[in-house]
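First the structure, in the form of structure tokens, and then the observations on it.
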Amino acid sequence: MPSAPPPRRSLTVLSGGVGGARFLQGLLHGIATGRLPGVAADAEVTVVANTADDLWIHGLKVCPDLDTVMYTLGEGIDVERGWGRREETWSIREELAAYAVEPTWFGLGDRDVATHLVRTEMLDAGYSLSQVTEALCRRWRPGVRLLPMTDDRVETHVAVGDPDSPSGRRVVHFQEYWVRLGAAVPAEAVLVVGQEESRPAPGVVEAIADADLVLLPPSNPVVSVGTILGVPGIREALVATEAPVVGLSPIVAGHHVRGMAEQLLTAVGVPVSAAGVAAHYGPRAAGGVLDGWLVDDADAGLVADVEAGGVRCRAVPLMMTDRDATAAMAAAAVALAREVGAGRPT
Ligand code: FO1
């Protein structure tokens with residue numbers, strides 16, 4: 001009987017906002033309650049968070065995905081919205097609207113503004129986004145090491161049709177596409193400004209190289225996981241790491257569970273299916289980033305396709321209805337990593 005593999009002690013998770021944060025909540029719950037066989041009770045979780053959703057607004061630097069992970073794991077999140085602070089008030093927003101100062105479509109809560117004031121003040125003083133994030137986490141204590149994917153400015157913009165412009169298109173910041181336009185118009189192209197020049201933030205490459213498990217949660221494959229992988233050096237670190245890399249599909253039965261992955265996958269020509277996203281990430285054995293892929297039970301019929309593409313695949317319930325359900329998803333990912341770790345598909 002082969003001896004049990006040593007427990008996994010360092011997990012690295014590449015995360016976007018709401019979906020990634022909810023997955024992390026379940027992962028930490030699973031570790032804390034001993035529901036993740038093979039993961040040490042004192043395992044350290046490092047989160048590499050997407051920063052391409054960031055935007056400058058009213059002179060403040062807002063980092064939606066970093067803040068959503070920090071507030072969610074720090075128990076400060078508004079659970080209903082999935083972003084921003086609980087027990088929030090909106091006086092600043094109302095006053096800005098009274099001055100008719102745009103954009104009024106992006107809601108900054110009063111408590112949330114304090115976070116952006118601290119961040120902006122520290123950036124202005126010359127601290128890096130990594131240092132700012134570490135400082136903010138001293139208050140929120142998220143229970144993970146939270147790293148921005150890069151300290152450089154990277155911003156996702158989306159090209160949409162515009163009959164009034166000579167080119168027939170205009171380009172808007174991702175937040176305008178998502179919040180003001182409600183992703184209700186087709187995205188014709190996704191442009192990640194500053195991506196080529198960006199460098200992994202301190203500790204990011206090491207967190208991937210030194211991990212004994214890397215997880216891709218059900219975040220947006222284009223504007224969350226995609227933009228993290230797009231930071232030169234990060235995809236390479238994933239391809240090279242000794243750790244098994246296991247992802248969870250954000251697409252169930254051909255639809256996103258929440259957000260706008262359908263629109264953005266279509267914009268970049270990726271089929272909106274659990275198999276399409278797995279192929280998009282690619283098998284590690286052929287230069288991609290995936291060793292294993294979890295699809296929802298509804299997509300059990302796609303398991304053979306995914307495995308034919310060189311990625312080990314299992315169908316399990318993928319609805320993050322509560323922490324126990326999410327912890328079970330994390331446990332399935334750990335189990336799949338153990339299978340994969342025993343020998344990659346040839
Ligand atoms: N989402 C909305 O739908 N409406 C908003 O007014 C809004 C404001 C906002 C402010 C701070 C923040 O951190 C997030 C905010 N979000 C809002 C969510 C944000 O668009 C998304 O969390 C991500 O950028 C997409 O994952």
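Of note:
- Scoring residue 268 on the criteria (1) aliphatic (A, V, I, L, M); (2) in contact (Cβ under 8 Å) with a residue 60 or more places away in the chain; (3) open to solvent by less than 20 Å² (accessible area, probe 1.4 Å); (4) over 23 Å from residue 82 (Cβ atoms) leaves a single failure, condition (3).
- With respect to the conditions (1) open to solvent by 70 Å² or more (accessible area, probe 1.4 Å); (2) farther than 17 Å from residue 140 by Cα, residue 83 lacks only one, and its number is (2).
- Yes/no for residue 336 being buried (at least 22 other Cβ atoms within 10 Å of the Cβ) and either of a type in the set (Phe, Trp, Tyr) or assigned to a loop (DSSP other than H, G, I, E, B) (or both): no
- Whichever residue in the stretch 1-29 is part of a strand (DSSP E or B) and polar (S, T, N, Q) and, among such residues, is nearest to residue 241 (Cα to Cα): 12
- Leading residue by the ranking (farthest from the ligand (Cβ to nearest atom)) among those in the stretch 102-118 that are β-branched (Val, Ile, Thr) and assigned to a helix (DSSP H, G or I): 118
- Evaluation of residue 246 against the conditions (1) closer than 29 Å to residue 183 by Cβ; (2) open to solvent by 10 Å² or more (accessible area, probe 1.4 Å) shows that the sole unmet condition is (2).
- When the residues of the stretch 168-189 are filtered to those that are of a type outside the set (Lys, Arg) and either away from the ligand (no atom under 16 Å from the Cβ) or assigned by TED's automatic domain parsing to the domain that holds residue 227 (or both), the one that is farthest from residue 53 (Cα to Cα) is 168.
- Where helices (runs of 4 or more DSSP H) sit wholly within the stretch 147-262, those with at least 3 residues that are within 14 Å of the chain's Cα centre (by Cα) occupy 225-229.
- Looking only at the stretch 86-107, and only at residues there that are open to solvent by less than 60 Å² (accessible area, probe 1.4 Å) and touching a strand residue (DSSP E or B) at 6+ places or on another chain (Cβ under 7 Å), the one that is farthest from residue 74 (Cα to Cα): 103
- Looking only at the stretch 61-77, residues that are surrounded by 23 or more Cβ atoms within 10 Å (Cβ to Cβ) and near the ligand (Cβ under 9 Å from one of its atoms) come to 7 in all.
- Residue count, the stretch 6-29 (criterion: more than 16 Å from the ligand (Cβ to nearest atom), out of contact with any Lys or Arg (no Cβ under 8 Å at 6 or more places or on another chain) and not charged (D, E, K, R)): 7
- Residue list for the stretch 212-228, filter: open to solvent by 10 Å² or more (accessible area, probe 1.4 Å) and more than 16 Å from the ligand (Cβ to nearest atom): 212
- For residue 208: the one exception among (1) in contact with a strand residue (DSSP E or B) (Cβ under 8 Å, 6 or more places away or on another chain); (2) surrounded by fewer than 24 Cβ atoms within 10 Å (Cβ to Cβ); (3) closer than 25 Å to residue 336 by Cβ: (2)
- Within the stretch 30-60, being in a strand (DSSP E or B) and more than 15 Å from the ligand (Cβ to nearest atom) holds for 39, 40, 41, 42, 43, 44, 45, 46, 48.
- Considering the stretch 194-205, and only residues there that are open to solvent by less than 80 Å² (accessible area, probe 1.4 Å) and touching a strand residue (DSSP E or B) at 6+ places or on another chain (Cβ under 7 Å), the residue that is nearest to residue 172 (Cα to Cα) turns out to be 194.
The values are calculated or read from the model by the stated rules, or taken from the named source; none is laboratory data. It should be emphasised that the depicted structure is a prediction, and the values quoted were computed from it without experimental measurement. Don't worry about glycine lacking a Cβ; one is built from the backbone with ideal geometry, like all the others, and counts go over all protein chains shown. For accessibility, only protein heavy atoms count, side chains too; no ligands or nucleic acids. Shrake-Rupley method; radii C 1.70, N 1.55, O 1.52, S 1.80 Å.
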